[in-house]
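Notes follow the structure.
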Amino acid sequence: MTESPLILNILIAFGAFQAIFLATVFLLQPKKTLPKKFFAFFLIIEGITLIERLLFETNLIENTPHLLGISTPLNFIKPPILLFMAMAITRPEFKFRKIHVLHLLFFLLILIMNIPLYMMTGADKITFTRETMMALPDYTNFNFYFSLTFFANIGAYLLVAIRALRKYCEHVKNNQLASWYLRILKLYTAALVLGLIYFAILPSGLIEIPLFNTISMLSMTFLIQSIAYRFFIKSDLLNTRSSTVGDNIQRLLSDEKRIREKLEVEKAHLSDSLDLENFAKSLDLPKKYVSDLINQKFGKSFKALINEYRVEEAKAMMGKEKDLKVQLIDIGLESGFNNKVSFYRVFKQSTGKSPSQYLDDLRSDHSAK
């Protein structure tokens with residue numbers, strides 16, 4: 001096995017202890033949201049994996065040989081955690097349930113398969129691990145194809161997580177944590193695909209890049225750790241200027257109530273020139289704060305929320321005018337839409353029917369009574 005340069009060992013050590021430090025910070029926070037809990041566990045696994053690799057690369061593993069192999073099954077817990085984080089971010093009602101334990105079957109399988117390794121003496125463990133890491137993959141060897149299961153396993157989870165995040169971001173434009181996590185998972189997937197391609201062609205002897213696996217592992221580690229900083233600086237609305245958590249909660253509840261009153265009592269959405277900036281000014285609140293609050297409390301972007309109120313207003317008007325010959329464009333304009341195209345498009349997206357179809361159905365129901 002090629003000996004790692006000192007700089008790589010320093011980076012491995014930095015990545016390992018940074019992962020443990022960040023996980024500790026998340027777990028010690030008074031408000032531990034579900035995404036933070038999942039992320040803390042992910043970082044702990046990353047830290048353990050890197051510490052084991054550092055001990056091996058520096059030969060310190062000879063003093064603690066029984067730590068070898070501890071991270072192998074743990075790596076199969078990481079894919080479900082990545083998915084659970086996506087679900088916790090995109091679905092506020094998501095909770096970890098007993099059924100989710102089924103996602104640990106791969107972890108249990110690998111754990112059982114590693115029992116013979118765990119039963120070896122320390123010296124035998126070191127010898128076996130070094131031989132395994134030095135051996136080139138072989139297309140005729142079962143272990144080569146079995147190793148592909150790791151790529152398939154994490155790849156499947158990444159695809160599902162990315163799909164959920166992409167769908168969520170289409171409807172909630174301003175959730176910075178979701179957008180950031182989506183970008184990171186895409187980069188993580190690209191790094192994984194590159195690693196898969198390298199692993200797949202390695203047995204052919206066409207290419208062999210020393211330290212590729214170490215560099216790839218570090219790249220993916222620091223990609224994931226970059227999300228941690230996002231949690232600190234962008235994700236938590238409770239990090240406001242108020243002096244206590246209780247004050248922050250009361251402020252959020254109060255501002256949420258003011259937003260609802262602005263829309264439901266003052267009917268601010270009926271203005272076709274309404275935008276986030278002047279809406280925030282009317283509340284005397286920062287624009288970004290209002291945007292983040294709407295994302296968190298209403299689960300959608302400012303634009304989507306306003307369109308939702310406008311559609312409900314249009315439906316209410318149709319209900320009152322169903323017996324009269326009414327111009328639908330007039331209803332659209334009175335509801336706050338500034339043109340016919342946006343009225344028809346948004347209304348159909350919301351109800352599954354065009355305004356004319358919806359009005360015809362109302363009239364049919366009324367005639368049948």
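Each reported figure results from applying straightforward, stated rules to the coordinates on display, with no laboratory input. From a predicted model like this one, the values you see are computed outputs, not experimental measurements. Virtual Cβ from ideal backbone geometry, glycine too; neighbours counted across all protein chains shown.
Let me know the longest stretch in the chain that avoids all GluC sites (Glu not before Pro) found in a DSSP loop with at most 14 other C-beta atoms within 10 Å.
94-207
Rounded to the nearest whole Hz, the Karplus-based 3J(HN,Hα) values (6.51 cos²θ - 1.76 cosθ + 1.60, θ = phi - 60°) of region 201-208 follow the sequence 9, 4, x, 6, x, 6, 8, 8, with x at glycine and proline. The slack in the chain from Arg183 to Asp124, taken as 0.36 nm per residue of separation less the alpha-carbon distance, amounts to 17.0 nm.
Region 45-122 and region 20-41 have Cα centres spaced 18 Å apart. The alpha carbon radius of gyration of region 245-368, expressed as a multiple of 2.2 N^0.38 Å, is 1.21.
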